[in-house]
Amino acid sequence: MLGRPLAVAWQKKTTAGLLFQVRGRGTEAFSSLEEGATLEVRGPQGRGFPVPAGERLLLAAGAMGLAPLLFAWERYGASRPGELLLGVSCSRWTGLVEWLHRRGVPCTVACDDGSIGRKGTVVDLLERLIRKEDEVWACGPQAMMVAVADLAPARFFVSLEARMACGYGGCLGCVVPTRSGRLRACVDGPVFDGREVLWNDLLH
């Protein structure tokens, strides 16, 4: 079984926290692990988010795209103006939202069917808040990222979710089309300048 690329969602001293959704064999195996189980872990890999420089930092997460943005919020959110925005599809995500509240993470939630937070999408939330002086970071489904890219100001960074077979840049399985050529998410990313990504090519 190939490894699974997961973003670190939080860190406290020598402990790192991961968030994942059970989607297949790999994450199903993770969910069945008992306390004290041993895993082989490589990382951190690639490049993370830069030090923010915008007037405000707006973080737009689509569902499990929350993981890298939660880490970023806990690192930078307390020291500068900003908002953490989360978009989910339905009440199935209530547990995640309640977990955020228990952690004391201030988060505005939008839900497609209106069963949690505000009715709408994370893009709707961003559209109401965004100003040209802001900096936007995003992670989530590709269609959401394209919509965010249409709204985002000059400083716009994205963490791209991609399957990574080797994690070292050798297999070219996680290539991202950009204005600078085809870059690898595992070593050149997973964080990219959102203005450099060729979104139409990425979606096809």
Before we move on, is Leu203 surrounded by fewer than 18 Cβ atoms within 10 Å (Cβ to Cβ), outside the structural domain of Ser89 (by TED's automatic domain parsing), modelled with pLDDT under 90 and under 16 Å from Gly62 (Cβ atoms)?
yes
Note on segment 1-24: residues basic (Lys, Arg) and either under 16 Å from Met164 (Cβ atoms) or at pLDDT 90 or above (or both) are Arg4, Arg23
Does segment 184-196 contain any residue that is surrounded by 12 or more Cβ atoms within 10 Å (Cβ to Cβ), in contact (Cβ under 8 Å) with a residue 40 or more places away in the chain and in the same structural domain as Gly65 (by TED's automatic domain parsing)?
no
Unique match (being farther than 22 Å from Ala154 by Cβ, under 15 Å from the mean Cα position of the chain (by Cα) and small (Gly, Ala, Ser)) among Ala37, Ala16, Ala7
Ala7
If the Cβ limit is 9 Å and pairs must be 6+ apart or interchain, which residue in segment 37-48 that is in contact (Cβ under 8 Å) with a residue 60 or more places away in the chain and at negative phi pairs with which residue that is hydroxyl-bearing (Ser, Thr, Tyr) and surrounded by 10 or more Cβ atoms within 10 Å (Cβ to Cβ)?
Arg42/Tyr168; Gln45/Tyr168; Gly48/Ser159
Can you tell me which residue within segment 25-40, out of those that are exposed (fewer than 10 other Cβ atoms within 10 Å of the Cβ) and of a type in the set (A, V, I, L, M), is farthest from Ala162 (Cα to Cα)?
Ala37
Among the candidates Gly65, Gly26, which residue alone is small (Gly, Ala, Ser), in contact (Cβ under 8 Å) with a residue 24 or more places away in the chain, out of contact with any strand residue (DSSP E or B) (no Cβ under 9 Å at 6 or more places or on another chain) and not in a loop (DSSP other than H, G, I, E, B)?
Gly26
Which ones in segment 113-150 are more than 23 Å from Ala7 (Cβ to Cβ) and either buried (at least 21 other Cβ atoms within 10 Å of the Cβ) or of a type outside the set (Lys, Arg) (or both)?
Asp113, Gly114, Ser115, Gly120, Asp124, Glu127, Leu129, Ile130, Glu133, Asp150
Criterion first (part of a helix (DSSP H, G or I), free of Cβ contacts under 8 Å to residues at least 60 places away in the same chain, closer than 24 Å to Asn200 by Cα and not assigned by TED's automatic domain parsing to the domain that holds Val176) does Val97 satisfy it?
no
Can you tell me which of (1) of a type in the set (A, V, I, L, M); (2) assigned to a strand (DSSP E or B); (3) touching a residue at least 60 places away in the same chain (Cβ under 8 Å) is the one Val158 doesn't meet?
(3)
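The values are calculated or read from the model by the stated rules, or taken from the named source; none is laboratory data. All values reported here derive from a predicted model rather than from experimental measurement. Don't worry about glycine lacking a Cβ; one is built from the backbone with ideal geometry, like all the others, and counts go over all protein chains shown.
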